[in-house]
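Submitted below is the structure of interest, expressed as structure tokens.
The values are calculated or read from the model by the stated rules, or taken from the named source; none is laboratory data. Note that this is a predicted model, so its numbers are computed, not measured. Cβ placement follows ideal geometry from the backbone for every residue including glycine, while neighbour counts extend to all protein chains displayed.
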Amino acid sequence: MKPLIVKLRYLDVAGKAQIYDALQSGQIIAYPTDTIYGLGIDIFNPKGIDKLFSLKGRDSNKPVSILYSNVNRVLTDFQNLNEYQQRAVRSLMPGKVTLLLPAPSKKRFPDTFIQESYIGVRVVDLPALNNLIDGYPHPISTTSSNPTDLPPAKNVQEIIDYFGSELAVVIDNGKADSTRSSTVIKLYDDSWEILREGAVSQLQIEISLSKIMRP
């Protein structure tokens, strides 16, 4: 059975409800971002986590990142961030970056999403998608729409060719905006480091972060 395919720009209340039901029941969705297509599950659903890692053929010791609808929700969950880190988050998000943030102790994220006490977080620059996930109570996963060691899918047909009926819903927004993944940046107490070059250059990051003051 093929997954349900819905157009992001035409999503109505009924379509959103189908997506939320899929997430809540531990199923996997595919969705567009401001870079490449991603795969999403409810990060607090153990069934969904197992299915996602199995689908991608990904080692469970290699965490995937978390997608939020807006910066305020990030800062609500990551109240452990100092002033420098909070300003960096506000400066770089939404955008084509993944920020590795210190894991908070007061909110218990599944170990699957934590590596060396850090969690990867995204807020994409795609308002229609942000509006969709803002209506869901939990963050969802964000990881490229491809099996491990294969190139990311660029459109809905390639997603279906990879995963077929293993997906519950595919959200169509045409061809992916970028062939490059997000730039991965680790935020320390008063500095930062690029761990993976991607859609945003080091110079762009330097310009953005030069505007914030260190504590």
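Here are Ile36, Ile41: which of them is of a type in the set (A, V, I, L, M, F, W, C), over 18 Å from Glu166 (Cα atoms) and buried (at least 21 other Cβ atoms within 10 Å of the Cβ)? Step through it out loud before you land on a result.
On the way: Ile41 fails: over 18 Å from Glu166 (Cα atoms).
Step by step, each of Ile36, Ile41 is checked, and only Ile36 is of a type in the set (A, V, I, L, M, F, W, C), over 18 Å from Glu166 (Cα atoms) and buried (at least 21 other Cβ atoms within 10 Å of the Cβ).
What's the number of the only condition in (1) among the charged types (D, E, K, R); (2) at pLDDT below 95; (3) crowded, with 17+ Cβ neighbours inside 10 Å that Lys96 fails to meet?
(2)
Among the listed residues Ser178, Ser145, Ser182, Ser165, identify the single one that is touching a Phe, Trp or Tyr at 6+ places or on another chain (Cβ under 7 Å) and among the hydroxyl-bearing types (Ser, Thr, Tyr).
Being touching a Phe, Trp or Tyr at 6+ places or on another chain (Cβ under 7 Å) and among the hydroxyl-bearing types (Ser, Thr, Tyr) holds for just one of Ser178, Ser145, Ser182, Ser165, which is Ser145.
Hey, does segment 13-27 have a residue that's among the aliphatic types (A, V, I, L, M) and farther than 15 Å from Gly135 by Cβ?
No - not one qualifying residue is present in segment 13-27.
Let me ask something additional. May I ask you to verify whether Ser181 is small (Gly, Ala, Ser) and either at pLDDT 95 or above or closer than 26 Å to Tyr118 by Cβ (or both)?
Criteria met by Ser181.
Within segment 123-134, how many residues turn out to be in contact (Cβ under 8 Å) with a residue 60 or more places away in the chain and within 21 Å of Phe109 (Cβ to Cβ)?
4
In this structure, does Lys56 turn out to be in contact (Cβ under 8 Å) with a residue 12 or more places away in the chain, under 20 Å from Phe163 (Cβ atoms) and surrounded by fewer than 19 Cβ atoms within 10 Å (Cβ to Cβ)?
no
In segment 83-130, which residues are touching an Asp or Glu at 6+ places or on another chain (Cβ under 6 Å) and within 25 Å of Glu206 (Cβ to Cβ)?
Answer for segment 83-130, where residues must be touching an Asp or Glu at 6+ places or on another chain (Cβ under 6 Å) and within 25 Å of Glu206 (Cβ to Cβ): Tyr84, Pro94, Gly95, Lys96, Val124, Asp125, Leu126.
Right, something else. Determine the pairs where a residue that is of a type in the set (S, T, N, Q), located within segment 183-202, has a partner that is surrounded by 18 or more Cβ atoms within 10 Å (Cβ to Cβ) and part of a strand (DSSP E or B) with Cβ atoms under 6 Å apart, the partner being 6 or more residues away or on another chain.
Here the result reads Thr183/Val97, each pair linking segment 183-202 to a residue that is surrounded by 18 or more Cβ atoms within 10 Å (Cβ to Cβ) and part of a strand (DSSP E or B).
Give the residues of segment 1-20 that are aromatic (Phe, Trp, Tyr) and either surrounded by 15 or more Cβ atoms within 10 Å (Cβ to Cβ) or under 20 Å from Pro139 (Cα atoms) (or both), sorted by residue number.
Tyr20
Can you tell me which of Asn61, Asn82, Asn70 is free of Cβ contacts under 8 Å to residues at least 60 places away in the same chain, surrounded by fewer than 17 Cβ atoms within 10 Å (Cβ to Cβ) and out of contact with any His (no Cβ under 8 Å at 6 or more places or on another chain)? If you could, list the steps in order and put the result at the bottom.
Details: Asn82 fails: free of Cβ contacts under 8 Å to residues at least 60 places away in the same chain; Asn70 fails: free of Cβ contacts under 8 Å to residues at least 60 places away in the same chain.
Going through Asn61, Asn82, Asn70 in turn, the sole match is Asn61.
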